[in-house]
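J.: Structure in structure tokens, see below.
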Amino acid sequence: MVDVLEELLFVYGELREHTLQLDVFGRVPDARPALLRGYAVDRVEIPHPLEDDTAVVPLPRLRETGGRHDRVVGVVLVLTAAELEAVDEIAAPAYRRVRVRLVEGGPGWVFVHADT
């Protein structure tokens, strides 16, 4: 069976970069600018998901605030279910995927820090 269903993933950090998209998906997915309301971003040091365990880098940490004036600027990537699962693999255990409602309307996914 062909995987044709589209999954929308809101990204706000490194995954916006085309070089990383090529590494993860083997292509640059369709993308569009997006806003996520009720969230804020700060920084956290974690092991880099694509390097060995000794490489620690500061990465953005998305956290839900519920504040109506809080918002995060990012992009929405249009992915297949298999591509979304590939992000699950590299994001764990530092991040977990949660369902959100995008400002542009409709459901999507976002990765939040596992401690939030």
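J.: So how far apart, in nm, are the two label points at Arg37 and Glu64 if each is 7 Å from Cα heading toward Cβ?
T.: 1.6 nm
J.: Label Asp30 and Glu104 with points 7 Å out from Cα along Cα→Cβ: what is the distance between them in nm?
T.: Taking the simple label geometry, Asp30 and Glu104 are separated by 1.0 nm.
J.: Picking from Ile90, Gly26, Ala40, whose Cα lies most toward the positive end of the charge dipole for the range 7-113 (charges on Cβ: Lys, Arg +1; Asp, Glu -1)?
T.: Checked the options; the winner is Ala40.
J.: Can I ask one more? Give the Rg/Rh ratio for the chain, taking Rg as the radius of gyration of the Cα atoms and Rh as the Kirkwood radius, to two decimals. If you can, show how the numbers build up before the last one.
T.: On the way: Rg = 13.9 Å, Rh = 14.6 Å.
Rg divided by Rh gives 0.95.
J.: If each residue of separation counts as 0.36 nm, what is the full-extension length gain between Glu45 and Asp115 once their alpha-carbon separation is subtracted? Please report the intermediate quantities before stating the final value.
T.: On the way: separation 70, 0.36 × 70 = 25.20 nm, distance 1.24 nm.
The Glu45-Asp115 span can extend by a further 24.0 nm.
J.: Between Thr54 and Val78, what FRET efficiency follows from the Cβ-Cβ distance if R0 is 30 Å, with the result rounded to 0.05?
T.: 0.30
Laboratory data are not the source of any read-out in this text; all were calculated from the coordinates shown. Note that the structure is predicted; figures quoted are calculated from it, not measured. Methodologically, a virtual Cβ is constructed for each residue, glycine included, from the backbone with ideal geometry; neighbour enumeration extends over all protein chains shown.
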